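Data block below; observations after.
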């Protein structure tokens, strides 16, 4: 650690970042929630509804993580820490679905 980093760590000072507009994020999440409810009640094929709802959930989770959890203002390493478990979850989900797929076909 450099001397400046040690001084900042000891004094508790951090670099300042621009304050997010929490009101705009709240209303965006509110509108996305209404959109989710609307999509869930549409009369489309189930796979289309499920994919749409998962996409909207990912967008909403990203907004919460970026602004309310302040990940937007973190260093690059935090993205690796967050994205690696998501990558593993996708890989494991695909592997489980690939294992179950032969049983679904008559």
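On the stretch given as the range 27-68, residues that are in contact with a helix residue (DSSP H, G or I) (Cβ under 8 Å, 6 or more places away or on another chain) and surrounded by 12 or more Cβ atoms within 10 Å (Cβ to Cβ) total 21. Just one of (1) at pLDDT 85 or above; (2) at positive phi fails for residue 70. It is (1). Among all positions in the range 35-51, there is at least one residue which is modelled with pLDDT under 85 and within 24 Å of residue 90 (Cβ to Cβ).
Do we have residue 95 as over 18 Å from the mean Cα position of the chain (by Cα) and either surrounded by 13 or more Cβ atoms within 10 Å (Cβ to Cβ) or at pLDDT 85 or above (or both) here? When the stated conditions are applied, residue 95 passes them. Filtering the range 1-26 down to residues that are in contact with a helix residue (DSSP H, G or I) (Cβ under 6 Å, 6 or more places away or on another chain) and at pLDDT below 90, which residue is surrounded by the fewest Cβ atoms within 10 Å (Cβ to Cβ)? My answer is 17. Within the range 42-61, being assigned to a helix (DSSP H, G or I) and either farther than 24 Å from residue 22 by Cα or in contact with a strand residue (DSSP E or B) (Cβ under 6 Å, 6 or more places away or on another chain) (or both) holds for 46, 47, 48, 49, 50, 51, 52.
The values are calculated or read from the model by the stated rules, or taken from the named source; none is laboratory data. What you are looking at is a predicted structure, and each value in this text was computed from that prediction instead of being measured. We place every Cβ from the backbone using ideal geometry, glycine too, and count neighbours over all the protein chains shown.
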